[in-house]
Amino acid sequence: MRKEWMQIATVCAWGILAFSFSLSPALISISFILLSAIGLLQLNLKEFTKFELALSALFVLFFLSSAASFLYSQNTDEASRKLILKLPILCFPLVFNALKKTESKHFPNIVLIGLYAMYLPALVSVYNYISNKTLFDQLILESKPLPIEFGYGIYHIQFSILLAISVVLGVYILLHRKSWDLSAFNKTFIGIISLLNFVFLHILSARTGLLALYFGLLMILLPALFKMPLRNKIISILAGLLLPVLILSASSSLRNRLRNTATDFEVAWSGKDANDYSFAMRVQAWKNATQVIKKNALIGVGIGDADKVLQENFAHMNSSISPANRKNPHFQFLETAAQSGLVSSCIFLLIIAFSISGDSNKNSLLASISLLLFLASCFESILERQASVVAFAAFIALALAFGGREIKKI
C-alpha cells in the first residue's frame, strides 16, 4: 500500500511540476522538492545499475565542481544564488529514484500530463500571435521573440525546449505503444496533442527549440525506421519531409524567422554591426567568453563573479556592441568554463556524452532527450535559468527511469 501511495505521489508531483513550468517559479521549486523528497524516502543505491550510478555520480560531481568555485568568488551573494539555482543537478539521483520506483503503467499518464501542460500555454501564445499577426511578424524580422502569454511569462527559448521535449515524449510513446498498453483514446489524444504541439512550436518559431526538436526526433525515429518494411519506410520519410514543408508554407512567422536567420548569419559571417541581430550577438558573446576562459582556464573566475568579468571584458573586446546587447555566452559549455573552469565544463559534456552513447542501444529516449538538451545548450545557457535547469535534471531522470524498460518489437 505504501509503495502504491508513493507512486501516486510521484505522478501528482510530476503533474504539478509540468504545469508549473509556465505558471509559477515557486511551484517549480515546490514540486521538484517533493519529487526529491519522495526519492530520498525510497533511496537504496544498491538497486541502481552501474550505468545509473555512474550517471548519478557525474551529476553530483558536476554540482560540486560548480560549488568549489564559490570559494574564490568575491561576490558571495551572487555565488549563493547561482548554487541554489543549480541544486536540481545535485538532486538528480533522488528524482530519478522516485521515477525509477514508479511502475510502467504510470508512464503514459506522465506523458499525457506533460503534453497537455505544454499545449495550453502554446495554444494561448499562438492565439495571441494570430491576434497581433502584423505586429509580431515584423518583430520576428527584427530578431524579436514571440512572447509566451501564460502564467508568469516563461522565457521563450526555455518554453520552446520544453515544447520540443513534450513532442519527443509523445512520439516515443506512440512508437512503442504496445509496450505501454495504450487505450484507443490515449493513442488518439497523445497523437493529436503531439501534432498540435509540433505545429505550435513552428508557429512560435524559436530556433533553438526547433533545432533541438528535429535532432531529438531523429534519434528516436531512426531505430524505428530501420525496422519498418520498405513501403512503410518510404511513406514515413515522405511524411517526415512533407510535414515541415506544409507548415512552412502555412506559417508566415516561420518564413519570417528563416529570412531573419539568413540575414543574421550574413551579419555574423561578414563581421558587420551585430547589434540587434540575435545570432551575430551570440557569436560576439562566444568570442568574449573565450577570451575570459583563456585567462582562467583551469578553475574559472568564480561562479559569483563570472557575469561581472564577462561584461567588463566585453567592453574592452568590442565596445561597438551596445551595453544592452552585451550578453553572456548563451552556450552552457562556455558559461560553465567561465564560472568554474574547463574541468567543470568537461564534466557537463561527460554527462551528455554518457547519456547519448553509454546506454543508447537500450534507451533511445535517454539518447534523444540528452541530445535535444545538448543542442539547446549550444545556443542557450540552460543551467542558468530555473525552468531549464529543472527540466535538464527532471527529463533526463524521466528518460533514464522509463526509456530503458523492456520494449516489445514495434
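Read-outs: derived from the displayed coordinates by stated rules, not from any lab. Predicted, not measured: the structure shown is a model, and the values here were computed from it. Neighbour counts run over all protein chains shown; Cβ positions are idealised from the backbone, glycine included.
Which of the aspartates and glutamates could be linked to K100 by a straight reach, that is with a Cα gap under 20 Å, when you skip same-chain ones fewer than 8 residues away?
E4, E47, E52, D181, D359, E406
Starting at the first residue of segment 130-143, write each ³J(HN,Hα) from the Karplus equation 6.51 cos²θ - 1.76 cosθ + 1.60 with θ = phi - 60°, in whole Hz, x for Gly and Pro.
4, 5, 10, 4, 4, 5, 5, 4, 5, 4, 4, 5, 9, 6
So what's the gap between the Cα centers of segment 100-171 and segment 1-78, to the nearest angstrom?
Between the Cα centre of segment 100-171 and that of segment 1-78, the gap is 23 Å.
Ranked from highest to lowest mean number of other Cβ atoms within 10 Å per residue, what is the order of the peptides 293-304, 154-165? Walk me through the intermediate numbers first.
Working: 293-304: 19.7, 154-165: 25.5.
Result, highest mean Cβ count within 10 Å first: 154-165, 293-304.
At a Cα cut-off below 20 Å, give the lysines reachable from K227, other chains included and same-chain residues fewer than 8 away excluded.
K178, K362, K408, K409
Of L383, L210, L238, which is the most mobile in a GNM of the chain whose springs link Cα atoms less than 10 angstrom apart?
Of L383, L210, L238, the Gaussian network model singles out L238 as fluctuating most.
What whole-number distance in Å separates the alpha-carbon centres of segment 220-267 and segment 331-382?
First find each Cα centre; the distance between them is then 25 Å.
What's the ranking of 113-119, 92-98, 129-135 by average number of surrounding C-beta atoms within 10 Å, highest first? Each step should come with its number before you reach the end.
Working: 113-119: 21.7, 92-98: 26.3, 129-135: 12.7.
By packing density, highest mean first, the sequence is 92-98, 113-119, 129-135.
Can you tell me, using C-alpha contacts under 8 Å and at least 6 residues apart, the relative contact order of the chain as a whole percent? Provide the component values of the computation, followed by the final result.
Numbers: 602 pairs, mean separation 95.4, N = 410.
Over the chain, the number comes to 23 percent.
Which whole-Hz ³J(HN,Hα) couplings does segment 299-313 yield from phi under the Karplus relation 6.51 cos²θ - 1.76 cosθ + 1.60, θ = phi - 60°, glycine and proline marked x?
Values, residue by residue: 10, x, 9, x, 5, x, 10, 4, 4, 5, 5, 4, 5, 5, 5 Hz.
Select one label from [x] 22.4, 64; [y] 20.3, 73; [z] 21.3, 66: the one whose number is Rg and Dmax of the Cα atoms in Å as derived from the coordinates shown.
Matching entry in [x] 22.4, 64; [y] 20.3, 73; [z] 21.3, 66: [z].
Can you give the relative contact order of segment 97-193 as a percent, counting alpha carbon pairs under 8 Å and 6+ residues apart? All intermediate terms of the calculation are to be shown ahead of the outcome.
Values: 58 pairs, mean separation 34.6, N = 97.
Averaging sequence separation for qualifying contacts and normalising by length gives 36 percent for segment 97-193.
Starting at the first residue of segment 257-264, write each ³J(HN,Hα) from the Karplus equation 6.51 cos²θ - 1.76 cosθ + 1.60 with θ = phi - 60°, in whole Hz, x for Gly and Pro.
Calculated HN-Hα couplings, in order: 5, 5, 4, 5, 5, 4, 5, 4 Hz.
Please give me the summed charge of the neighbours of L115: other residues whose Cβ is under 15 Å from its Cβ, Lys and Arg +1, Asp and Glu -1.
On the way: positive: R177, K187; negative: none.
Charge balance near L115 sits at +2.
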